[in-house]
Amino acid sequence: MGEISLNELEARADAAGIDLLQIDLDSIQLPPGDDFGIISDDEDVYQEEQMDFDYGLGNTIVVDNLPVVPKEKFDKLEGVVRKIYSQIGVIKEDGLWMPVDHDTHKTLGYCFIEYNTPQEAELAKEKTNGYKLDRAHIFAVNMIEDFNRFMKVPDEWAPPEIRPYVPGENLQNWLTDEKARDQFVIRAGSDTEVFWNDARHLKPDPVYKRAYWTESFVQWSPLGTYLATVHRQGAAVWGGASTFNRLMRYAHPQVKLIDFSPGEKYLVTYSSHEPSNPRDANRVVINIFDVRTGKAMRDFKGSADEFAIGGTGGVAGVSWPVFKWGGGKDDKYFAKIGKNMISVYETESFSLVDKKSLKAESVVDFSWSPTDPILAFFVPELGGGNQPARVSLIQIPSKEELRQKNLFSVSDCKLYWQSNGDYLAVKVDRYTKTKKSTYTGFELFRIKERDIPIEVLELDNKNDKIIAFAWEPKGHRFAVIHGDSPRPDVSFYSMRSTHNTGRVSKLTTLKGKQANALFWSPSGRYIILAGLKGFNGQLEFYNVDELETMATAEHFTATDIEWDPTGR
């Protein structure tokens, strides 16, 4: 029945001989569950209450295997349980309920605890499931929402529905472009747009455009197969030949950051949640998903402090990315730095390699070879200089130490891998004898050679400050910016000299360049000597094969530079 106006209602009442003023409307009762299309004034409030009720269950846990105690011991048991669980988060007022048997007046051996937030409830479940109160009482803790899920499991097993195979789109279709162009993405306002990059045309060709595609940012996967979007409920990946179809969703409420493994097999998602108690650290949730199936393979939960060691940047004190991937494009291993240890996991079972972390006292930094399961890490000087700093190379999964180098009077170290994993450069800042200043040298490891020989390289003026260092991709050369601003020098070196492939040699030094950053072409040979930010965007294109400048350009106050993947 459609809606009718008051005038129509009065007209119908007159026709039926009914005086509306004589009717007690409050006495009218509709059949249960039927509103005849008449929506109650309280409907909105009811809906809101229902939503609050649904949300409230997410904050509640059930603690089983409590002692069964009589009435006189009830308060003592409740006090013990409250003390354990209030250390984890804020329990709501009247948020601890311990049911009692009406006949015996004894407790029933379980209780319900309601926290302020779902994150605190999750943490309580995680920390206390299996908690040993005494020999006879080991807690079994579940979310109350899980019970609803368990109750819906049918009693009889039914075979899953087998769907017919539907071939998917070729997600690498863009690689077959006749003009060998790459795609790039731009976001402006609420629109996100993908274009073909073609240097021969002033205006790029559009590929796909969509409004409100993401709620915060978009990110290409490392090999360009997927474009990822980020939403309040989680992340999604998209791909296709001409239109970008959604391929998979990954549920992670309030996700803030994402990171792909190098071979695109896994997606890591991150969220941070504020605790009820402002003195506590933020609660961090990290999930690792299988990109193709969307299955959550492993999660990591804890306080922000547990994830704040190492890394390059991030949010709320957490270093991002938390995990570094090893083993090349196979995505076989991933690792994170912790206090006095490096935890290395393998992706076959998503558990720790050898069931324990790698001990490394006061470890500061580590990095994987880009191609092999070899891990390099740096430990600073300990015991006031009695124990030297060291760089170690570890083979995974055997955890065998392949090479170690002790370093003395060290103030800092940085690790630089060459893209093929052939070489590792360790930039070492050392104190002078007076300890009032530092100077820099390089330890160059030849990873693929027998016994991994190490060569020490010092600049002609060893007091020169190192401003930037970069390996030539897939090559044997590297570039260093050194000296004093605003016009430092740029030197080029090769790991092979004319007569000896096993010795480092200097190719040339360019004096007084307005540069503070180095950007090699992805295919090597060419490099941009860039003066970013305060250097007013001076750009010099240099051919390292011929050792000559090809061109200069200026992009005033430029902050970032990116080569197109082909190096053109």
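The values are calculated or read from the model by the stated rules, or taken from the named source; none is laboratory data. Treat the numbers as computed from the prediction; the structure is a model and nothing was measured. No Cβ is skipped: glycine too gets one built from the backbone with ideal geometry, and neighbour counts run over all protein chains shown. Accessible surface areas use protein heavy atoms only, side chains included; no ligands, DNA or RNA. Shrake-Rupley method; radii C 1.70, N 1.55, O 1.52, S 1.80 Å.
Can you find even one residue in segment 221-237 that is closer than 25 Å to residue 257 by Cβ, over 25 Å from the mean Cα position of the chain (by Cα) and modelled with pLDDT of 90 or more?
So the first thing to find is which residues in segment 221-237 are closer than 25 Å to residue 257 by Cβ, and the list is 221-237.
In the following step, the residues that additionally are over 25 Å from the mean Cα position of the chain (by Cα) were identified as none.
Scanning segment 221-237 turns up no residue that is closer than 25 Å to residue 257 by Cβ, over 25 Å from the mean Cα position of the chain (by Cα) and modelled with pLDDT of 90 or more.
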Picked from segment 197-218 (must be outside any loop (DSSP other than H, G, I, E, B) and either of a type in the set (Phe, Trp, Tyr) or touching a residue at least 40 places away in the same chain (Cβ under 8 Å) (or both)), the residue nearest to residue 262 (Cα to Cα) is 197
Across segment 155-185, the tally of residues that are touching a Phe, Trp or Tyr at 6+ places or on another chain (Cβ under 7 Å) and either small (Gly, Ala, Ser) or free of Cβ contacts under 8 Å to residues at least 12 places away in the same chain (or both) stands at 0
Taking segment 507-521 and the residues there that are of a type outside the set (A, V, I, L, M) and part of a loop (DSSP other than H, G, I, E, B), the one that is most open to solvent (accessible area, probe 1.4 Å) would be 511
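Given 179, 152, 209, 203, which one is in contact with a Lys or Arg (Cβ under 9 Å, 6 or more places away or on another chain) and over 30 Å from residue 73 (Cα atoms)? Before you say what the answer is, go through the steps one by one.
Working: 152 fails: in contact with a Lys or Arg (Cβ under 9 Å, 6 or more places away or on another chain); 209 fails: in contact with a Lys or Arg (Cβ under 9 Å, 6 or more places away or on another chain); 203 fails: in contact with a Lys or Arg (Cβ under 9 Å, 6 or more places away or on another chain).
Checking each option against the conditions leaves just 179.
Would you mind stating whether residue 416 is out of contact with any helix residue (DSSP H, G or I) (no Cβ under 7 Å at 6 or more places or on another chain) and closer than 23 Å to residue 365 by Cβ? Give the steps one after another, and end with the answer.
Values: out of contact with any helix residue (DSSP H, G or I) (no Cβ under 7 Å at 6 or more places or on another chain): yes; closer than 23 Å to residue 365 by Cβ: yes.
In short, yes.
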The condition from (1) closer than 22 Å to residue 496 by Cα; (2) among the small types (Gly, Ala, Ser); (3) open to solvent by 40 Å² or more (accessible area, probe 1.4 Å); (4) part of a strand (DSSP E or B) that residue 419 misses is numbered (4)
Within segment 430-483, the residues that are in contact with a Ser or Thr (Cβ under 9 Å, 6 or more places away or on another chain), among the hydrophobic types (A, V, I, L, M, F, W, C) and not in a loop (DSSP other than H, G, I, E, B) are 466, 467, 471, 478, 479, 480, 481
For segment 72-96 the number of residues that are touching a Ser or Thr at 6+ places or on another chain (Cβ under 9 Å), over 12 Å from residue 115 (Cβ atoms) and either open to solvent by 60 Å² or more (accessible area, probe 1.4 Å) or touching a residue at least 40 places away in the same chain (Cβ under 8 Å) (or both) is 2
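Among the candidates 52, 34, 24, single out the residue that is loosely packed, with under 10 Cβ neighbours inside 10 Å, under 32 Å from the mean Cα position of the chain (by Cα) and at pLDDT below 90. Spell out how you get there, then give the answer.
Details: 34 fails: under 32 Å from the mean Cα position of the chain (by Cα); 24 fails: under 32 Å from the mean Cα position of the chain (by Cα).
52 is the lone residue from the list that is loosely packed, with under 10 Cβ neighbours inside 10 Å, under 32 Å from the mean Cα position of the chain (by Cα) and at pLDDT below 90.
Going through 280, 299 one at a time, which residue ends up being charged (D, E, K, R), modelled with pLDDT of 80 or more and under 18 Å from residue 124 (Cβ atoms)?
Working: 280 fails: modelled with pLDDT of 80 or more.
Residue meeting the stated conditions: 299.
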Of the candidates 404, 395, the one satisfying the condition of being over 15 Å from residue 372 (Cβ atoms), of a type outside the set (Ser, Thr, Tyr) and without any contact (Cβ under 8 Å) to a residue 40 or more places away in the chain is 404
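Scan 261, 242 and give me the residue that is at pLDDT below 90 and either of a type in the set (Gly, Ala, Ser) or under 16 Å from the mean Cα position of the chain (by Cα) (or both). Step through it out loud before you land on a result.
Details: 261 fails: at pLDDT below 90.
Criteria check complete, one pass: 242.
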Does segment 125-137 contain any residue that is under 30 Å from residue 302 (Cβ atoms) and of a type in the set (Phe, Trp, Tyr)? yes
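Suppose the filter is over 17 Å from residue 479 (Cβ atoms) and open to solvent by 80 Å² or more (accessible area, probe 1.4 Å); does residue 438 pass it?
On the way: over 17 Å from residue 479 (Cβ atoms): yes; open to solvent by 80 Å² or more (accessible area, probe 1.4 Å): no.
So residue 438 does not fit the description; no.
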Residue in segment 311-332 that is hydrophobic (A, V, I, L, M, F, W, C), out of contact with any Lys or Arg (no Cβ under 7 Å at 6 or more places or on another chain), open to solvent by less than 10 Å² (accessible area, probe 1.4 Å) and at pLDDT 90 or above present:
no
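Quickly run through segment 97-133 and pick out the residues that are among the charged types (D, E, K, R) and either closer than 26 Å to residue 255 by Cβ or in contact (Cβ under 8 Å) with a residue 24 or more places away in the chain (or both). Walk me through it before giving the result.
Taking segment 97-133 first, the residues among the charged types (D, E, K, R) are 101, 103, 106, 114, 120, 122, 125-127, 132.
Scanning segment 97-133 gives 106, 114, 120, 122, 125, 126, 127.
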Within segment 96-146, restricting to residues that are of a type in the set (Gly, Ala, Ser) and more than 17 Å from residue 275 (Cα to Cα), the one that is nearest to the chain's Cα centre (by Cα) is 130
Subset of segment 214-228, residues in contact with an Asp or Glu (Cβ under 8 Å, 6 or more places away or on another chain) and closer than 13 Å to residue 191 by Cα, comes to none
- Go through the residues of segment 210-223 one by one and say whether even a single one is farther than 17 Å from residue 236 by Cα and among the charged types (D, E, K, R). no
- In this structure, is residue 372 open to solvent by 10 Å² or more (accessible area, probe 1.4 Å), of a type in the set (Asp, Glu), within 21 Å of residue 323 (Cα to Cα) and not in a loop (DSSP other than H, G, I, E, B)? no
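Considering 456, 379, 428, which residue is more than 24 Å from residue 357 (Cα to Cα), free of Cβ contacts under 8 Å to residues at least 40 places away in the same chain and within 35 Å of the chain's Cα centre (by Cα)? Spell out how you get there, then give the answer.
On the way: 456 fails: within 35 Å of the chain's Cα centre (by Cα); 379 fails: more than 24 Å from residue 357 (Cα to Cα).
On inspection, the qualifying residue turns out to be 428.
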Checked segment 391-412 for anything open to solvent by less than 60 Å² (accessible area, probe 1.4 Å), in contact with a Lys or Arg (Cβ under 7 Å, 6 or more places away or on another chain) and not in a loop (DSSP other than H, G, I, E, B); matches are 391, 393, 405, 407, 410, 411
Could you say whether any residue in segment 449-457 is open to solvent by 20 Å² or more (accessible area, probe 1.4 Å) and among the β-branched types (Val, Ile, Thr)?
yes
